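Enquirer: Handing you this structure, nothing more for now.
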Amino acid sequence: MIPVPFSIEPELTAEEFCRIGQLTLRWSHIDHIIGNSLKAALGLSDEQATIMVFPLTMEARLDRLKNLFQITPPDDAAKTALNELLPAMKGIQYVRNNVIHGNVIDDTKEGYIFHLRSKDRTLTKAEIFSIEELTNYAGHCALALRYGLGIANVRPGHVYTLPGRPEIPEFLRSVVHFPKVP
């Protein structure tokens, strides 16, 4: 086997790699569900969505859903789910971009940090791991959106109940702004 040329891999624990991998897979799955939601809202086939929806970024998919909902308002469940999903995804994208596109640096004070040079933004492992609840909440919101838009093989009238909103980590409070609850 060709040896790994990067010095950071032996320094992160197996548990830390596992947690980063789990979060990454959850983020990818949420993105996929958002794509399927846009596909359903547009009434596209799998083949059409492969050309028209899945090449779009997650932000573009959400923007198009939001714009579609302004033209053709969905039922309340889908509308509520999208209104909750939009701010949650802002926080996730903030962290995700640092994890996926950043460089891991050994900092003398903080230990290993994830630095995104394009934004000159640094996150600690603790900050990254602190968004697990927000990630799980976004997953529920994405499923609620998909259910609200209709899923084959789901009984009519099925309502997906969202869990309570999670606490937003301090470092994300300027990024994540949920709508006021009436």
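Enquirer: Taking the range 103-119 on its own, how many of its residues are in contact with a His (Cβ under 8 Å, 6 or more places away or on another chain) and surrounded by 20 or more Cβ atoms within 10 Å (Cβ to Cβ)?
Expert: The qualifying residues number 0.
Enquirer: Additional query: When the range 19-37 is examined, which residues are found to be free of Cβ contacts under 8 Å to residues at least 60 places away in the same chain and either surrounded by 15 or more Cβ atoms within 10 Å (Cβ to Cβ) or touching a His at 6+ places or on another chain (Cβ under 9 Å) (or both)? Before you say what the answer is, go through the steps one by one.
Expert: Just the residues of the range 19-37 that are free of Cβ contacts under 8 Å to residues at least 60 places away in the same chain, to begin with: 21-22, 25, 28, 31-32, 35.
Hits for the range 19-37 are D31, G35.
Enquirer: What's the total number of residues in the range 38-62 that are exposed (fewer than 14 other Cβ atoms within 10 Å of the Cβ) and closer than 15 Å to P74 by Cα?
Expert: Result for the range 38-62: 1.
Enquirer: Scan the range 15-39 residue by residue and report those that are at pLDDT 95 or above and aromatic (F, W, Y).
Expert: Result: W27, single match.
Enquirer: Next up: Testing L12 on (1) closer than 25 Å to L123 by Cα; (2) out of contact with any His (no Cβ under 8 Å at 6 or more places or on another chain); (3) surrounded by 15 or more Cβ atoms within 10 Å (Cβ to Cβ); (4) at pLDDT 95 or above, one condition comes back false. Which one is that?
Expert: (4)
Enquirer: Under 7 Å by Cβ, and 6 or more places apart or on different chains, what pairs join a residue from the range 76-100 that is closer than 14 Å to A142 by Cβ and acidic (D, E) with one that is part of a helix (DSSP H, G or I) and modelled with pLDDT of 95 or more?
Expert: E84/C141
Enquirer: In this structure, is G148 surrounded by fewer than 18 Cβ atoms within 10 Å (Cβ to Cβ), at pLDDT below 95 and not acidic (D, E)?
Expert: Values: surrounded by fewer than 18 Cβ atoms within 10 Å (Cβ to Cβ): no; at pLDDT below 95: yes; not acidic (D, E): yes.
Taking the combined requirement at face value, the residue does not satisfy it.
Enquirer: Condition (residue is among the small types (G, A, S), more than 20 Å from R26 (Cβ to Cβ) and out of contact with any Asp or Glu (no Cβ under 7 Å at 6 or more places or on another chain)) applied to the range 80-96: is it met by at least one residue?
Expert: Filtering the range 80-96 down to residues among the small types (G, A, S) leaves 81, 88, 91.
Those left that are additionally more than 20 Å from R26 (Cβ to Cβ): none.
For the range 80-96, residues among the small types (G, A, S), more than 20 Å from R26 (Cβ to Cβ) and out of contact with any Asp or Glu (no Cβ under 7 Å at 6 or more places or on another chain): absent.
Enquirer: Now, a different point. Taking the range 120-141, which residues are surrounded by fewer than 21 Cβ atoms within 10 Å (Cβ to Cβ) and among the aromatic types (F, W, Y)?
Expert: Answer for the range 120-141, where residues must be surrounded by fewer than 21 Cβ atoms within 10 Å (Cβ to Cβ) and among the aromatic types (F, W, Y): just F129.
Enquirer: Just need a number here: residues in the range 43-74 that are under 18 Å from A142 (Cα atoms) and at pLDDT 95 or above. Step through it out loud before you land on a result.
Expert: Taking the range 43-74 as the starting set, the residues that turn out to be under 18 Å from A142 (Cα atoms) are 43, 49, 53-54, 56-69, 73-74.
Okay, now just the ones that are also at pLDDT 95 or above, so 49, 53-54, 56-69.
Residues in the range 43-74 being under 18 Å from A142 (Cα atoms) and at pLDDT 95 or above: 17 in total.
Enquirer: What helices (runs of 4 or more DSSP H), lying completely within the range 61-180, carry at least 1 residues that are under 14 Å from the mean Cα position of the chain (by Cα) and among the basic types (K, R)? Before you say what the answer is, go through the steps one by one.
Expert: Values: elements: 76-101, 125-129, 132-148.
Those helices (runs of 4 or more DSSP H) span 76-101.
The values are calculated or read from the model by the stated rules, or taken from the named source; none is laboratory data. Since the model is a prediction, treat every value here as computed from it, not as a measurement. Virtual Cβ from ideal backbone geometry, glycine too; neighbours counted across all protein chains shown.
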